[in-house]
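What follows draws every value from the coordinates through simple rules; no lab data is involved. Values in this document were obtained by computation on a predicted structure and should not be read as measured data. All Cβ positions, glycine included, derive from the backbone under ideal geometry; neighbour counts span all protein chains shown.
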Amino acid sequence: MLILMSSDHTKKQLEGVLARVRSLRLKPHVIPGKNSVAVGITGNAGALDKALFEGLPGVREAVRVTRPYKLAGRDFKHEDTIVRCGGSEIGGRNLVVIAGPCAVESEEQLLRIARAVKRAGAHMLRGGAFKPRTSPYAFQGLGREGLRMLATARRETGLAIVTEVLDQRSLDDVAEYADVLQVGARNMQNFALLKDLGKLKKPVMLKRGLSATLDEWLMSAEYLLSEGNDQVFLCERGIRAFSDHARNTLDLNVVPAVRELSHLPIIVDPSHATGVRARVAPMARAAAAAGAHGLMIEVHDRPDQALCDGPQALHPDDFARLMRDLAAIGRAVGRPLAPRAVRR
């Protein structure tokens, strides 16, 4: 339920509404608006009687919210959320690009690629220190040592870093170093991890699960928001379907759908979606034209030597060409590339 306060309500009247919600053993969420304030309610198992709130001083109207995701939907918050990551903003007018290797392999490798993507205009640096792999024998990442290397790259380039949190055991380490904590596709419904991430109040990028519906994806975001973290953005990375010409099916339909139903920003990862280098740039251009707030692109200057996902990584020269294309597309669709990252 959403309680709309009158434009001239007092602080005491708002406190009275919050007290009524808590007396019902429910959780209130104060949502500031342009002209007034609303109070969202979560925790109820069924519909609430509007009469419980509409007679309270300062209340203009109580509105039932039918969608299962309350905080992630536009019923509770109409304005677009803007997530601030280092010196960049995701969800605003500008297109933001995150780029870097799939995995941190060495400090020398990471710094080479970080410098290259910075020169090309990337706004943030990606790189996995903890890697969830299908095979237990595949490269699992450098762990905390990889996080220290990411911090070194951030000091040198000024790029904010995006890296994956694998589980609750690694959460404290990743949170210490990362500007954005990535929840991978396999962890989208790791609800215990999502709850802990929601309590951290640091930016979180939530990737879509391999076969997740839009409602399931937004409900996972709800776990983060319900714990008080409003710095959340979504990442479409392709879903598992019956096609066999690519690793996954990149669902660009979901970009306008998310923007219609949710205030959360959405970016697209065409690298994991296609799994094929030659298809990354075309799908990145399509995602920008479809209205995505940003892109995440894998880049490696020696992809044949990469320890993880080399076949889908763009060479730095190809990435630079893609950035020029994105600048042109951004101007055409009214979402220009964000200014280059500034050393922090």
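Observations, loosely collected:
- Under the combined filter of DSSP loop state and at most 15 neighbouring Cβ atoms within 10 Å, region 30-82 retains these GluC sites (Glu not before Pro): 79.
- Other residues within the sphere of radius under 15 Å centred on the Cβ of residue 277, judged by their own Cβ, net out at -2 (K and R +1, D and E -1).
- Per-pair calculated FRET efficiency, R0 = 41 Å: residue 199 and residue 156 via Cβ, rounded to 0.05: 0.85
- Estimated distance in nm for a label pair at residue 93 and residue 52, the labels positioned 7 Å out from Cα along Cα-to-Cβ: 4.3
- Taking chymotrypsin sites (Phe, Trp or Tyr not before Pro) across region 195-282, the ones in a DSSP loop with at most 13 further Cβ atoms lying within 10 angstrom of their Cβ are 242.
- Stokes-Einstein D (µm²/s) once Rh is taken as the Kirkwood radius of region 255-344 over alpha-carbon pairs, at 20 °C in 1.002 mPa s: 154
- With the helix formula -39500 (n - 2.57) applied to DSSP H stretches of n ≥ 4, the chain reaches a computed 222 nm mean residue ellipticity of -11000 deg cm²/dmol.
- Positive-end residue of 68, 23, 213, charge dipole of the chain with Cβ unit charges: 23
- Proxy reagent accessibility, fewest Cβ within 10 Å first, across 142, 214: 214, 142
- Length released on extending from residue 276 to residue 67, taking residue separation times 0.36 nm less the Cα-Cα span: 71.5 nm
- More than 32 angstrom apart: percent of Cα pairs within the chain: 32
- Once both labels are positioned 7 Å from their Cα atoms along Cα-to-Cβ, the gap between residue 315 and residue 45 label points is 6.2 nm.
- DSSP-defined beta bridges in the chain - what % are antiparallel, rounded to 5: 40
- Straight-line reach from residue 50: taking Cα to Cα under 15 Å and skipping same-chain neighbours fewer than 8 places apart, the aspartates and glutamates in range are 61.
- Mean projection area, nm², convex hull over Cα of region 2-63: 3.7
- Residues 193, 166 arranged by fewest to most Cβ contacts within 10 Å: 193, 166
- Largest mean-square fluctuation among 22, 154, 302, in a Gaussian network model of the chain whose springs join Cα atoms under 10 Å apart, belongs to 22.
- Gain in span if fully extended, residue 79 to residue 23, counting 0.36 nm per residue against the direct Cα distance: 17.2 nm
- Local net charge near residue 82, Cβ-Cβ under 14 Å (Lys/Arg +1, Asp/Glu -1): +1
- Gain in span if fully extended, residue 36 to residue 304, counting 0.36 nm per residue against the direct Cα distance: 90.8 nm
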